[in-house]
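Written below as structure tokens is the structure these notes are about.
The values are calculated or read from the model by the stated rules, or taken from the named source; none is laboratory data. Keep in mind it's a predicted model, so treat the numbers as computed, not measured. Reconstructed Cβ throughout: ideal geometry from the backbone, glycine too, with neighbour counts over all protein chains shown.
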Amino acid sequence: MKRICSFIAVLLLSSILPAQAADNMKAFPPADQGKIRYVLQLPAQDDESAFKVELIAGKTVPVDEKNKYFFGGTIKEETIKGWGFPRYIVSELGPMAGTRMAIDPNAPKVARFITLGGDPYLIRYNSRLPIVVYVPKGVEVRYRIWTAGAEAKAMKKG
């Protein structure tokens, strides 16, 4: 009997959660003119506190293959009034900068995804709300899931 009740509960929750996710999107306005809205719905995890999501904004551009490049700019978190949900905004990508390793001027260019410079932008993992990012047209958003190891190690006293 317990198995049947558990199975029915899973079926009910799986039918409610997609509708709840669609209802949550009502809080997020469409993108303004010249902007794009990216949406990510994460799958549920047993212990979501052990996960983080890295947001990665950038563009694919032709560059040489030896130098390292990045764009200036930031990702900012805003709270949607009346809802309390976070949304993330990239206002503009600044100029592209990079290392200055001498390259043969006749070397062919390669298309590479160049990201915002700086530290990784990590946010809380939350499968109950969509992650919504607004960016200028031409900017792409990618993501990476970070996971904590199962073992917490003790530090030595100094």
Flag if Tyr121 is of a type in the set (Phe, Trp, Tyr) and closer than 30 Å to Gln33 by Cβ | yes
Working only within segment 57-112, note down all residues that are of a type in the set (Ser, Thr, Tyr) and more than 30 Å from Pro30 (Cβ to Cβ).
-> Tyr69, Thr99
Does segment 109-127 hold any residues that are more than 15 Å from Arg87 (Cβ to Cβ) and touching a helix residue (DSSP H, G or I) at 6+ places or on another chain (Cβ under 9 Å), and which are they?
-> Tyr125, Ser127
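Each row is one residue, and each column tells you yes or no for (1) among the β-branched types (Val, Ile, Thr); (2) under 21 Å from Arg112 (Cα atoms); (3) touching a Leu at 6+ places or on another chain (Cβ under 8 Å); (4) modelled with pLDDT under 95.
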residue	(1), (2), (3), (4)
Ser15	no, no, no, yes
Glu48	no, no, no, no
Asp64	no, yes, no, yes
Phe71	no, yes, yes, no
Give just the number: which of (1) part of a loop (DSSP other than H, G, I, E, B); (2) touching a residue at least 40 places away in the same chain (Cβ under 8 Å); (3) farther than 29 Å from Lys26 by Cβ; (4) aliphatic (A, V, I, L, M) does Ala154 not satisfy?
-> (2)
May I ask you to verify whether Ile80 is touching a residue at least 40 places away in the same chain (Cβ under 8 Å), within 22 Å of Arg144 (Cβ to Cβ) and either of a type in the set (A, V, I, L, M, F, W, C) or buried (at least 17 other Cβ atoms within 10 Å of the Cβ) (or both)?
-> no
